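All remarks here apply to the structure that follows.
The values are calculated or read from the model by the stated rules, or taken from the named source; none is laboratory data. All figures in this text were calculated on a predicted structure; none of them were measured in a lab. Cβ coordinates were reconstructed from backbone atoms using ideal geometry, including for glycine residues, and neighbour counts include every protein chain displayed. Surface areas here come from the heavy atoms of the whole protein model, side chains and all, with no ligands, DNA or RNA. Shrake-Rupley method; radii C 1.70, N 1.55, O 1.52, S 1.80 Å.
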Amino acid sequence: MADPSLVLRDIHQPPAPPWWPPAPGWWLLAALLLLAIAAWAWWRARKRKRRRAIAAVFDTAVAAGMTPPAQVAAMSELLRRAARRVDPAADRLHGDAWLQFVDLGEAPGRLLLEGGYRPEVDPLQVEELRAVARARFLQWTLREGKGER
């Protein structure tokens with residue numbers, strides 16, 4: 001017969017694994033996630049810094065013009081340079097073809113076209129032109145690739 005000293009017991013399950021510390025796979029996933037977040041933050045900071053630098057180029061060049069017509073001429077020059085990023089032949093456009101390409105609106109566009117040659121220009125119109133020209137300049141110079149506008 002069976003030995004009475006041998007008592008059989010039920011199988012005991014081991015305790016559930018603790019939630020801390022996590023398994024190595026979770027540490028790896030956390031490190032990859034932190035690396036991705038750091039790379040994204042670096043890319044965004046670099047993009048912001050580049051945008052500020054390009055805006056400063058525009059603002060400095062326009063501020064160097066002592067008179068409103070000189071400021072309009074500076075904006076026109078900057079836009080022609082930036083337009084080459086969109087279309088290499090854009091800086092050679094004249095008149096209505098240039099206005100249609102720049103697409104700043106009727107009043108600011110006409111001022112951009114003729115304002116640099118006028119003896120006097122209304123400073124309020126120059127500020128209106130400055131706002132839309134700066135936006136277009138930033139749009140064209142911050143383009144990542146070439147192609148359609």
In this structure, is R118 charged (D, E, K, R), modelled with pLDDT of 90 or more and either farther than 20 Å from R143 by Cα or open to solvent by 80 Å² or more (accessible area, probe 1.4 Å) (or both)?
no
Given the structure, is L78 touching a Leu at 6+ places or on another chain (Cβ under 6 Å), under 19 Å from F137 (Cα atoms) and open to solvent by less than 60 Å² (accessible area, probe 1.4 Å)?
no
Looking at (1) over 20 Å from E128 (Cβ atoms); (2) without any contact (Cβ under 8 Å) to a residue 60 or more places away in the chain; (3) open to solvent by 40 Å² or more (accessible area, probe 1.4 Å), can you tell me which one R110 breaks?
(1)
Starting from the range 19-39, take each residue that is free of Cβ contacts under 8 Å to residues at least 24 places away in the same chain and list its partners that are of a type in the set (G, A, S) and open to solvent by less than 100 Å² (accessible area, probe 1.4 Å), counting only C-beta distances under 7 angstrom and pairs at least six apart or across chains.
none
Please enumerate the residues belonging to the range 94-107 that are over 15 Å from A135 (Cα atoms), surrounded by fewer than 19 Cβ atoms within 10 Å (Cβ to Cβ) and either touching a Cys at 6+ places or on another chain (Cβ under 6 Å) or not aliphatic (A, V, I, L, M) (or both).
H94, G95, D96, Q100, E106
Can you tell me which residue is least open to solvent (accessible area, probe 1.4 Å) among those in the range 1-47 that are among the β-branched types (V, I, T) and part of a loop (DSSP other than H, G, I, E, B)?
V7
Confirm whether D91 is surrounded by 12 or more Cβ atoms within 10 Å (Cβ to Cβ), modelled with pLDDT of 90 or more and acidic (D, E).
no
First in the range 135-149 and open to solvent by 50 Å² or more (accessible area, probe 1.4 Å), second anywhere and of a type in the set (K, R) and at pLDDT 90 or above, Cβ under 7 Å, 6 or more apart:
K146/R85
